[in-house]
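Peer 1: Let me give you the structure first, and then I'll get to my questions.
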Amino acid sequence: MSECVSGRYEGRRSLITGGGSGIGQATVLRLLAEGADVVAADISVDGLADTVEKAGDVGERLSTQLVDVADEDSVQAGVEASVERLGGLDVLVNAAGILRSYHTHQTTLEQFERVLRVNLIGTFLVIREAIPALIAGRDAAVVNFSSTSAVFAHPYMAAYAASKGGIQSMTHALAAEYAKQGIRFNAVQPGSISSGMTDGSGKSGQSVGPGFPGDVDVSLFRKLLPAIGKGFAGPEAVASVVAMLASSDAAFITGTEVRIDGGTHF
Ligand SMILES: NC(=O)c1ccc[n+]([C@@H]2O[C@H](COP(=O)([O-])OP(=O)(O)OC[C@H]3O[C@@H](n4cnc5c(N)ncnc54)[C@H](O)[C@@H]3O)[C@@H](O)[C@H]2O)c1
């Protein structure tokens, strides 16, 4: 893990879902580098082990929690255990998610519901369980994961895009509802980021890559490549923005989203 780049997270108690791969893992490492106490939560044992290995010697500042965000009982138990271990909660990052791709007319109800269940309802469940601790927290901040698919057309991803649009709208509603109780809610809108989800490279069995149907019309993907850089960026490009949004540097930012796609969609 990289050296501590600043102390803005010292004593900041942080729960990060999806912490076993990709952007969630990069966020765990980033917040640790800035001095945070972190619980990395994920459904994947192998992913969490990979995160612990990459974190190196951080003592008791990192612990892991197995959680299935799509399962209400698992979320209740997982958030409660995490808050207890951290001694409270100041930061929640909801990075857990899945990407599945289908022709919509061939999508089963079960497939469509699964994507919404993990991404949208999973984000809701974790937030609901965490809110009491966040209200009691210090400069509490939540960062949710939208996607460029929420606002720019992404073919073959109707369920995924709908789940991310829902997360973005929910973020706005929550920002208003809890503003006076001291919780900021923002979202990131990543795109063109290499991760388990986009290239299937993660340790998690959930990260299978987009798995597009074999007969997709590639001409429908009109905006694929970033305008800056040399192709897809690494997950650190998002983790650094999440770190800003969940820190006191963003004390006057709530109810909005930041697109991080290297200009793919401007
Ligand atoms: N990579 C991109 O270009 C991109 C673009 C837009 C949005 N996002 C969003 O970023 C977030 C992180 O994804 P990533 O790209 O790092 O992919 P990733 O597959 O590398 O990481 C996702 C993590 O979520 C975990 N997860 C999946 N289902 C879970 C469940 N039910 N309970 C708990 N954990 C679960 C996986 O095990 C994995 O560790 C996701 O919400 C994704 O939708 C990514």
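The values are calculated or read from the model by the stated rules, or taken from the named source; none is laboratory data. If you're wondering where the values come from, they're calculated on a predicted model, not measured in any experiment. Because the Cβ atoms are built from the backbone with ideal geometry, glycine has one as well, and the counts that use them run over all protein chains shown.
Peer 1: Only one of these is free of Cβ contacts under 8 Å to residues at least 60 places away in the same chain, within 16 Å of the ligand (Cβ to nearest atom) and polar (S, T, N, Q): T51, T17. Name it. So that I can check it myself, show each step before the final result.
Peer 2: Values: T17 fails: free of Cβ contacts under 8 Å to residues at least 60 places away in the same chain.
Sole residue among the options that is free of Cβ contacts under 8 Å to residues at least 60 places away in the same chain, within 16 Å of the ligand (Cβ to nearest atom) and polar (S, T, N, Q): T51.
Peer 1: Would you list the strands (runs of 3 or more DSSP E) that sit entirely within segment 1-111 and hold 3 or more residues that are under 25 Å from S146 (Cβ atoms)?
Peer 2: Numbers: elements: 13-17, 37-42, 62-66, 91-94.
Hits in segment 1-111: 13-17, 37-42, 91-94.
Peer 1: Here's another thing I want to ask about it. Being under 25 Å from N186 (Cα atoms) and in contact with a Ser or Thr (Cβ under 8 Å, 6 or more places away or on another chain) narrows it down to one of V91, V83, V52, so name that one.
Peer 2: V91
Peer 1: Here's another thing I want to ask about it. For segment 20-42, enumerate the residues that are in contact (Cβ under 8 Å) with a residue 40 or more places away in the chain and more than 6 Å from the ligand (Cβ to nearest atom).
Peer 2: So in segment 20-42, the residues in contact (Cβ under 8 Å) with a residue 40 or more places away in the chain come out as 20-27, 29-31, 34, 36-37, 39, 41-42.
Correct list: Q25, A26, T27, L29, R30, L31, E34, A36, D37, V39, A41.
Peer 1: Mind checking whether some residue in segment 184-192 is on the phi < 0 side of the Ramachandran plot, assigned to a helix (DSSP H, G or I), at pLDDT 95 or above and within 16 Å of the chain's Cα centre (by Cα)? Don't jump to the end; show me each part of the working.
Peer 2: Just the residues of segment 184-192 that are on the phi < 0 side of the Ramachandran plot, to begin with: 184-191.
So of that shortlist, the ones also assigned to a helix (DSSP H, G or I) come out as none.
The answer is no; no qualifying residue exists.
Peer 1: Out of all the residues in segment 136-167, which are among the aliphatic types (A, V, I, L, M) and either more than 11 Å from the ligand (Cβ to nearest atom) or more than 14 Å from I98 (Cβ to Cβ) (or both)?
Peer 2: Residues satisfying the conditions are A136, A140, A141, V142, V143, A150, V151, A153, A158, A159, A162.
Peer 1: Shifting gears a bit: Just the residues that are touching a strand residue (DSSP E or B) at 6+ places or on another chain (Cβ under 7 Å) and not charged (D, E, K, R), please, taken from segment 45-65. Full working, then the answer.
Peer 2: Taking segment 45-65 first, the residues touching a strand residue (DSSP E or B) at 6+ places or on another chain (Cβ under 7 Å) are 45, 48, 51-52, 55, 61-65.
If the condition is that a residue be touching a strand residue (DSSP E or B) at 6+ places or on another chain (Cβ under 7 Å) and not charged (D, E, K, R), then V45, L48, T51, V52, A55, L62, S63, T64, Q65 are the ones that fit.
Peer 1: On the given criteria, is G234 within 30 Å of D139 (Cβ to Cβ), within 12 Å of the ligand (Cβ to nearest atom) and surrounded by fewer than 20 Cβ atoms within 10 Å (Cβ to Cβ)?
Peer 2: Numbers: within 30 Å of D139 (Cβ to Cβ): yes; within 12 Å of the ligand (Cβ to nearest atom): yes; surrounded by fewer than 20 Cβ atoms within 10 Å (Cβ to Cβ): yes.
So G234 passes the test.
Peer 1: Go through (1) within 12 Å of the ligand (Cβ to nearest atom); (2) modelled with pLDDT under 90; (3) surrounded by fewer than 22 Cβ atoms within 10 Å (Cβ to Cβ) one by one and return the number of the condition G202 breaks.
Peer 2: G202 satisfies all of (1) within 12 Å of the ligand (Cβ to nearest atom); (2) modelled with pLDDT under 90; (3) surrounded by fewer than 22 Cβ atoms within 10 Å (Cβ to Cβ) except (3).
Peer 1: In addition: Of the residues D73, D46, D57, D50, which is farther than 18 Å from V242 by Cβ, surrounded by fewer than 24 Cβ atoms within 10 Å (Cβ to Cβ) and touching a helix residue (DSSP H, G or I) at 6+ places or on another chain (Cβ under 9 Å)?
Peer 2: D50 is the lone residue from the list that is farther than 18 Å from V242 by Cβ, surrounded by fewer than 24 Cβ atoms within 10 Å (Cβ to Cβ) and touching a helix residue (DSSP H, G or I) at 6+ places or on another chain (Cβ under 9 Å).
Peer 1: Restricting attention to segment 155-165, does a residue exist that is surrounded by 19 or more Cβ atoms within 10 Å (Cβ to Cβ), basic (K, R) and modelled with pLDDT of 95 or more? Working first, answer last.
Peer 2: Step one: filter segment 155-165 for residues surrounded by 19 or more Cβ atoms within 10 Å (Cβ to Cβ), giving 156-157, 159-161, 163-164.
Now drop any that are not basic (K, R), which leaves 164.
With the extra rule that they be modelled with pLDDT of 95 or more, the set shrinks to 164.
Yes, segment 155-165 contains at least one residue that is surrounded by 19 or more Cβ atoms within 10 Å (Cβ to Cβ), basic (K, R) and modelled with pLDDT of 95 or more.
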